[in-house]
There are 2 protein chains.
Amino acid sequence: MSEDKIKQEAPSARTHVKRYNWLARYDRETVEEILDAVPLAHVGCMINGVPFVTPTFFWREGDRVYWHGSAAGRMFKVLEQQDICMTVSLLDGLVIARSAYNFNCNFRSVMLVGRAELITDEAVKTEKLKNFVNGLIPKEWERLRPVHPKEIKATAVASMSITEASCKIRTGPPQDDEEDYEFPS
Amino acid sequence: MSEDKIKQEAPSARTHVKRYNWLARYDRETVEEILDAVPLAHVGCMINGVPFVTPTFFWREGDRVYWHGSAAGRMFKVLEQQDICMTVSLLDGLVIARSAYNFNCNFRSVMLVGRAELITDEAVKTEKLKNFVNGLIPKEWERLRPVHPKEIKATAVASMSITEASCKIRTGPPQDDEEDYEFPS
Ligand SMILES: Cc1cc2nc3c(=O)[nH]c(=O)nc-3n(C[C@H](O)[C@H](O)[C@H](O)COP(=O)(O)OP(=O)(O)OC[C@H]3O[C@@H](n4cnc5c(N)ncnc54)[C@H](O)[C@@H]3O)c2cc1C
Ligand SMILES: Cc1cc2nc3c(=O)[nH]c(=O)nc-3n(C[C@H](O)[C@H](O)[C@H](O)COP(=O)(O)OP(=O)(O)OC[C@H]3O[C@@H](n4cnc5c(N)ncnc54)[C@H](O)[C@@H]3O)c2cc1C
Ligand code: HEM
Ligand code: HEM
């Protein structure tokens, strides 16, 4: 896959792809393309000594990602005191080869690491939640029963800068070993 | 959703569902049903101070889950020294309500926490990889070019007991607030 070996710089040492590094992309366009392809993320956050992985909706606005939940939720209480990881992944298909070792899958994924922050201003929080809803269903917010202030208070909205981001993308057919070609496929 | 309030015991304090706890299930049948519905997991593991979330294939055999990767991969080096989290999630659909606050989604998810171990015996490792491949595509292993011992050496297979597991399942229509019913839907 040498034609795929696009040289690019990782934004930091900890986001530098080592395994199958010819699948790596670090450009903002690719990062945004993958983030915008699916609304579901998995957030890794250390809670009581366990790196819990929480599936959650997220949305992107410019160079930041956002996600929401309960203001009383355990993740939002500890989020700002540590670096976290948000992963977004798409499984595009199985890749069937002549040997089990060369089985693979086509996929697209982004890992973001960094420090998240909670939005405290209620007006900003409301605006972000509106963008979340309207991002999924255009103009939906305007149709709905207006939000109550207590609903905004009960909701936590976290945000993180898309600074330390890496992508991996695999497309195309299997890569069989040269000597496996005589083996029936 | 009071009809859904099935009382069940969580297997441990840290797997006890608190938020929307009427969606919780802890029985083995439900855990296995969700795990068997999709081959993709997200594994949370603390690496250099970051709770990295790695998308990875996994498979279940009886009361254990398994996943594989590079024997030189960073996750497999630190896996046995910490408790980790494996999350499997399915997004079944958006739930549109009369108020933004009552938006939701239908979903199924499992969180597993515990201590994983690496399989060191090469014969067992080979057997497990065979089960992985044949689990995705029945009888596929027998069709393939036989594995080389060096391929098995290069491969790490991790396994974890399904002991501390919790599920959340949401199905059905939105739950509007009583006073929102006069609002057009
Ligand atoms: C749908 C899907 C299924 C997968 N199945 C498997 C599997 O079964 N077995 C397996 O070994 N791997 C699988 N992968 C790849 C896996 O996510 C990791 O990329 C791989 O295991 C290497 O992990 P590592 O931590 O050793 O990588 P390293 O290269 O050591 O990680 C260094 C840095 O590279 C970046 N990086 C690593 N992985 C990714 C990624 N997936 N996306 C974006 N950036 C990344 C991060 O910034 C990370 O900090 C799968 C990926 C996807 C999306
Ligand atoms: C597809 C999908 C999308 C989601 N989107 C959002 C969202 O946008 N915002 C949001 O707040 N939540 C969302 N959730 C729910 C989210 O995963 C958490 O369940 C929720 O945020 C509560 O997290 P908590 O850590 O505060 O829960 P707590 O109840 O405090 O967690 C305690 C224990 O409950 C168990 N548990 C928690 N969550 C889950 C789970 N999802 N599956 C299985 N066991 C679990 C674990 O054992 C955990 O240790 C989504 C879930 C799915 C599957
Ligand atoms: C399309 C839009 C939305 C979707 C898909 C969505 C989805 C979800 C999901 C899946 C959960 C987790 C429930 C659980 O733990 O099982 C959740 C929690 C929550 N959502 Fe939303 N939501 C949306 C919009 C909003 C908006 C606009 C608000 C606020 C005005 C809001 C407030 C909350 C709160 C407070 C919780 C935490 C509930 C609790 O744990 O007590 N949501 N949301
Ligand atoms: C259906 C079966 C399989 C699938 C879908 C699959 C998929 C994958 C994927 C997606 C990766 C990650 C590649 C990356 O980092 O981008 C991977 C890595 C790896 N797989 Fe598999 N695999 C399968 C079977 C096997 C088998 C049977 C073996 C061993 C005999 C194996 C050995 C490996 C090894 C060693 C790596 C790490 C490569 C590296 O980082 O250098 N795989 N696999």
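Report, by residue number, each residue of segment B:100-139 that is within 23 Å of A:Glu182 (Cβ to Cβ) and surrounded by fewer than 16 Cβ atoms within 10 Å (Cβ to Cβ). Across segment B:100-139, the qualifying residues are B:Ile137, B:Lys139.
Could you grab me the full set of residues in segment B:144-159 that are more than 9 Å from chain A (Cβ to nearest Cβ), part of a strand (DSSP E or B) and either near ligand 4 (Cβ under 10 Å from one of its atoms) or open to solvent by 10 Å² or more (accessible area, probe 1.4 Å) (or both)?
Here is the first cut: in segment B:144-159, the residues more than 9 Å from chain A (Cβ to nearest Cβ) are B:149-150, B:153, B:156-159.
Now restrict to residues that are part of a strand (DSSP E or B): B:156-159.
Those that are more than 9 Å from chain A (Cβ to nearest Cβ), part of a strand (DSSP E or B) and either near ligand 4 (Cβ under 10 Å from one of its atoms) or open to solvent by 10 Å² or more (accessible area, probe 1.4 Å) (or both): B:Ala156, B:Val157.
Select from segment A:132-185 the residues that are among the charged types (D, E, K, R) and more than 16 Å from ligand 3 (Cβ to nearest atom) and list them in ascending order. Don't jump to the end; show me each part of the working.
To start, the set of residues in segment A:132-185 that are among the charged types (D, E, K, R) comprises A:139-140, A:142-143, A:145, A:150-151, A:153, A:164, A:168, A:170, A:176-180, A:182.
Residues satisfying the conditions are A:Glu164, A:Lys168, A:Arg170, A:Asp176, A:Asp177, A:Glu178, A:Glu179, A:Asp180, A:Glu182.
Residue check: A:Ser109 meets all listed conditions (1) touching a Cys at 6+ places or on another chain (Cβ under 9 Å); (2) away from ligand 4 (no atom under 16 Å from the Cβ); (3) polar (S, T, N, Q) but one, namely (2).
Is there a residue being within 14 Å of chain A (Cβ to nearest Cβ), under 25 Å from A:Lys18 (Cβ atoms) and either free of Cβ contacts under 8 Å to residues at least 24 places away in the same chain or in contact with a helix residue (DSSP H, G or I) (Cβ under 7 Å, 6 or more places away or on another chain) (or both) anywhere in segment B:11-18? No, that holds for no residue.
Consider B:Leu112 carefully, then state whether it is of a type outside the set (Val, Ile, Thr), within 11 Å of chain A (Cβ to nearest Cβ) and either farther than 29 Å from B:Leu144 by Cβ or not in a helix (DSSP H, G or I) (or both). Here the answer is yes, as B:Leu112 does meet what is asked.
Selection of segment A:57-99 for residues being open to solvent by 20 Å² or more (accessible area, probe 1.4 Å), more than 11 Å from ligand 3 (Cβ to nearest atom) and assigned to a helix (DSSP H, G or I) yields A:Lys77, A:Val78, A:Glu80, A:Gln81. Just one of the numbered conditions (1) within 10 Å of chain A (Cβ to nearest Cβ); (2) buried (at least 20 other Cβ atoms within 10 Å of the Cβ) is not true of B:Ser166: (1). Determine, yes or no, whether A:Ala123 is in a helix (DSSP H, G or I) and more than 12 Å from ligand 4 (Cβ to nearest atom). Yes, satisfied.
Here are the criteria: (1) assigned to a loop (DSSP other than H, G, I, E, B); (2) open to solvent by less than 40 Å² (accessible area, probe 1.4 Å). Tell me which single one A:Lys18 does not satisfy. If we test A:Lys18 against (1) assigned to a loop (DSSP other than H, G, I, E, B); (2) open to solvent by less than 40 Å² (accessible area, probe 1.4 Å), just (2) comes out false.
The values are calculated or read from the model by the stated rules, or taken from the named source; none is laboratory data. Here the structure is a predicted model, which means the values were calculated and not measured. Cβ atoms come from the backbone with ideal geometry, glycine included; neighbour counts cover every protein chain shown. Surface areas here come from the heavy atoms of the whole protein model, side chains and all, with no ligands, DNA or RNA. Shrake-Rupley method; radii C 1.70, N 1.55, O 1.52, S 1.80 Å.
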